[in-house]
Amino acid sequence: MAKAKKPKLAVWKFASCDGCQLALLSCEDELLAVAERIDIAYFLEASRATAKGPYDISLVEGSITTPEDAKRIQKIRRDSRYLVTIGACATAGGIQSLRNFKDVAEFISVVYAEPHYIETLDTSTPIEDHVYVDFELRGCPINKIQLLEVIGALLAGRKPNIPTHSVCAECKQNATPCVMVAHGTPCLGPVTQTGCGAICPAYNRGCYGCFGPMEKPNTSSLSDWWHRQLGVEKDDLVRAFRSFNAYAREFRRESEDHER
């Protein structure tokens, strides 16, 4: 009797730091269990061995920043049954999306000795701006347990069970006092999706929004509180919403509102 073929997994990199790909390698013991059920067909971060598509699952890290990127992601989409974006760069443009608010040509002229060698787009954009995405996994970097949940869910033919509530809920579960109420520390936790374990508030630091906007975030209300109760000025509000997830829709709109 012929042995059933394993589903094929591919991992792709665009403009990024590779940190979210490393989250898969950091699964360690769990990765062995995953490898028993799937064929890792393309993953240059881990192996030079490659296999041609089509692929059952493609994990995509990084944002689209060059004309070549824009073409390559189209082919990956065609070759993939499920396409999952992983990390802030792939889901929200990443820290490199800060270029979107300024003149990229000016940046190139200042940074590079030979600007004419640089071929880039004016913007750094999420993968979903270019192709259909089956699931987005947030974080900078992603949570490896959530990554395993997504892979397992897709293999089982069900929707991944990833929470979309705010970091505040996790602080309550951990019995962590609210840093805004207790210390007057600005915190993006009320508008940020959970996934990190609420690490920063546990050390009396405000959340930096690493997992991007939660489901239906009230960013204007939080900004108003920061300004009236904590004395945060508009320039600092703009900077707060322009970090790892600067081009996430809700964070982008909020930062632009305070820049006008």
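The values are calculated or read from the model by the stated rules, or taken from the named source; none is laboratory data. Computed from a predicted structure; not experimentally measured. Don't worry about glycine lacking a Cβ; one is built from the backbone with ideal geometry, like all the others, and counts go over all protein chains shown.
Looking only at residues in region 30-57 that are among the small types (Gly, Ala, Ser) and over 22 Å from the mean Cα position of the chain (by Cα), the one that is farthest from Trp12 (Cα to Cα) is Ala33.
For (1) modelled with pLDDT of 85 or more; (2) in contact with a Pro (Cβ under 9 Å, 6 or more places away or on another chain); (3) under 21 Å from Glu68 (Cα atoms); (4) surrounded by 13 or more Cβ atoms within 10 Å (Cβ to Cβ), each residue gets a yes or a no:
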| position | (1), (2), (3), (4) |
| --- | --- |
| Phe14 | yes, no, yes, yes |
| Cys20 | yes, yes, no, yes |
| Cys27 | no, no, no, yes |
| Glu30 | no, no, no, yes |
| Glu36 | no, no, no, no |
| Ala41 | yes, no, no, yes |
| Ala46 | yes, no, no, yes |
| Gly53 | yes, no, yes, yes |
| Asp56 | yes, yes, no, yes |
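Could we say that Ile108 is surrounded by fewer than 21 Cβ atoms within 10 Å (Cβ to Cβ) and under 22 Å from Cys17 (Cβ atoms) here? Yes: the conditions hold for Ile108.
The helices (runs of 4 or more DSSP H) falling completely within region 1-92 that include 1 or more residues that are of a type in the set (D, E, K, R) and within 24 Å of Glu149 (Cβ to Cβ) map to 29-37, 67-78. Checked against the criterion of being exposed (fewer than 14 other Cβ atoms within 10 Å of the Cβ) and outside any loop (DSSP other than H, G, I, E, B), the candidates Ala175, Ala169, Ala182 yield just one match: Ala182. Take Val150 and decide whether it is closer than 30 Å to Ile40 by Cα, touching a Lys or Arg at 6+ places or on another chain (Cβ under 6 Å) and either of a type in the set (Asp, Glu) or not assigned by TED's automatic domain parsing to the domain that holds Phe241 (or both). No; evaluated as a whole, the condition is false for this residue. Ala246: out of contact with any Asp or Glu (no Cβ under 9 Å at 6 or more places or on another chain) and outside the structural domain of Thr65 (by TED's automatic domain parsing), yes or no? Considered against the rule, which asks whether it is out of contact with any Asp or Glu (no Cβ under 9 Å at 6 or more places or on another chain) and outside the structural domain of Thr65 (by TED's automatic domain parsing), Ala246 comes out as yes. Within region 185-199, the set of residues being assigned to a helix (DSSP H, G or I), surrounded by fewer than 21 Cβ atoms within 10 Å (Cβ to Cβ) and of a type outside the set (Val, Ile, Thr) comprises just one member, Pro190. Evaluating Lys144 against the criteria (1) over 29 Å from Lys71 (Cβ atoms); (2) surrounded by fewer than 16 Cβ atoms within 10 Å (Cβ to Cβ); (3) out of contact with any strand residue (DSSP E or B) (no Cβ under 9 Å at 6 or more places or on another chain); (4) at pLDDT below 95 leaves one unmet condition, (2).
Within region 144-164, being farther than 17 Å from Ala88 by Cα and either part of a loop (DSSP other than H, G, I, E, B) or not small (Gly, Ala, Ser) (or both) holds for Leu148, Glu149, Ile151, Leu154, Leu155, Gly157, Arg158, Lys159, Pro160, Asn161.
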